[in-house]
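The values are calculated or read from the model by the stated rules, or taken from the named source; none is laboratory data. Quick caveat, the model's predicted, so the values are computed rather than measured. Cβ atoms come from the backbone with ideal geometry, glycine included; neighbour counts cover every protein chain shown. Surface areas here come from the heavy atoms of the whole protein model, side chains and all, with no ligands, DNA or RNA. Shrake-Rupley method; radii C 1.70, N 1.55, O 1.52, S 1.80 Å.
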Amino acid sequence: MESRNPSFFEQTLPDFPALLSGNPSPEEVEACLQLRGEKAEALRRAAHETKMKTVGDKVYLRALVEYSNICRKNCFYCGIRSGNPEVRRYAVGRKEVLEAARFAHQAGFGSMVLQSGERQDEAFVAEIESLVEAIVQQSGGELGITLSLGEQKAETYARWRKAGALRYLLRIETSSTELYARLHPVDHDFRTRLDCLKALRDTGYQVGSGIMIGLPFQTTLQIAKDLLFLRELDVDMVGMGPYIEHPKTPLWAYRGQIPSWQGRYDLSMNAWAVLRLLMPDINIASTTAIGSLHPKGREEALYVAANVIMPNLTPFSERKEYFLYEHKLCIEESHEDSRENIERIIRAAGCRPGYFEQGNSLRFRNR
Ligand code: SF4
């Protein structure tokens, strides 16, 4: 990864909340991302204090079901890309999805996420629509539903919203069109992604996006621009995390050009802190990828900035087939272990679980 030596903050530390809630330049944000040691601690502490003052100490739980690893796309970083012939493809059965939803509701998780590889065929669209309706009905509307099902037509987003989905997560991965083009085949278009995000906003979803941190060909300045771009997009929630390589992907060939695990961890943690200071009232997820890099990753992300966590309720038989990257967490946990483990992580971060609450985005509510 290329990086630049910051000349900022060498003598005294700035007032991070004042700097980042104003109009920082990309170079100033970059300098924050590059802080290490005590200076990084100061940045993260400032983010923690801002988090406590805005969204508070509650962490909302989103039960994650990785619904299917069938995908029409071929992103160069993704283990379940259509071009990987070694993946056993699956779709979780309707009964299992509804069982997971029942478990989540009874356990007080408050919300559920249906995530999948991208399909646009009518059978898929109709099945998701029907599942969303069934989950809403089964939980008496108490379980908030987030979808993360890729790029779709505006009519499809509208159908799923009408069925009862509240939130949609569609990551941009990067705001650089050049880098986007190096991460995807030619028929994957960054403009389409932005059009989808606009359609989601127009349809009334709480809109989430996110980026990957520590990619080959990515600069720290580019990550700074990405974070500013997320603010420009005015997203309600963010799911971002470190890039972790997968051996059956084209990007594996460039693994010598990415930061060490520790480097990606430090950069990601600073990015979380910067994001919380740039956008104090959004929902930010403590994602599985950071926990896969470091055993205390999800806990530290919750302390610094995050207020959402996603216990994995994908059935065991399918869980290991949703293998996006190496060393992915939660492949062996049972639902109960997952609940206990998640509560332990939340408490260790000095936070409280927001059981039986949907935990909708404050930014969305205030818009
Ligand atoms: S990142 Fe998403 S859209 Fe791209 S190949 Fe993987 S599952 Fe499919």
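Summary of computed values
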item	result
Qualifying position, being surrounded by fewer than 20 Cβ atoms within 10 Å (Cβ to Cβ), within 24 Å of Lys95 (Cβ to Cβ) and modelled with pLDDT of 95 or more, among Asp202, Asp121	Asp121
Hits in region 73-102 - residues which are under 17 Å from Glu245 (Cα atoms) and away from the ligand (no atom under 16 Å from the Cβ)	none
Hey, Ala158 more than 16 Å from the ligand (Cβ to nearest atom), modelled with pLDDT of 95 or more, touching a helix residue (DSSP H, G or I) at 6+ places or on another chain (Cβ under 8 Å) and not charged (D, E, K, R) or not	yes
Residues of region 288-323 that turn out to be closer than 19 Å to Ala100 by Cβ and under 14 Å from the mean Cα position of the chain (by Cα), as a count	6
Single unsatisfied condition, Gly150 versus (1) in contact with an Asp or Glu (Cβ under 7 Å, 6 or more places away or on another chain); (2) more than 22 Å from Lys198 (Cα to Cα)	(2)
Count of region 36-80 residues which are hydrophobic (A, V, I, L, M, F, W, C), in a helix (DSSP H, G or I) and more than 19 Å from the chain's Cα centre (by Cα)	5
Lone qualifier among Gly297, Gly263 - being farther than 15 Å from Lys58 by Cβ and surrounded by fewer than 22 Cβ atoms within 10 Å (Cβ to Cβ)	Gly263
Test: residue in region 115-133 that is more than 15 Å from the ligand (Cβ to nearest atom) and among the polar types (S, T, N, Q)	yes
Conditions (1) more than 16 Å from the ligand (Cβ to nearest atom); (2) touching a Phe, Trp or Tyr at 6+ places or on another chain (Cβ under 9 Å); (3) open to solvent by less than 60 Å² (accessible area, probe 1.4 Å): number failed by Leu215	(1)
Residue count for region 137-155, restricted to those that are in contact (Cβ under 8 Å) with a residue 40 or more places away in the chain, open to solvent by less than 40 Å² (accessible area, probe 1.4 Å) and away from the ligand (no atom under 16 Å from the Cβ)	2
Ala134 surrounded by 24 or more Cβ atoms within 10 Å (Cβ to Cβ) and either without any contact (Cβ under 8 Å) to a residue 40 or more places away in the chain or among the hydrophobic types (A, V, I, L, M, F, W, C) (or both)	no
Cβ-Cβ under 7 Å pairs, at least 6 apart or on other chains, region 174-186 side assigned to a helix (DSSP H, G or I), far side more than 16 Å from the ligand (Cβ to nearest atom) and open to solvent by 10 Å² or more (accessible area, probe 1.4 Å)	Leu179/Phe217; Leu179/Gln222; Arg182/Phe217
Candidates Leu228, Leu221, Leu194, filtered to the one that is touching a residue at least 12 places away in the same chain (Cβ under 8 Å), over 25 Å from Arg298 (Cα atoms) and in a helix (DSSP H, G or I)	Leu194
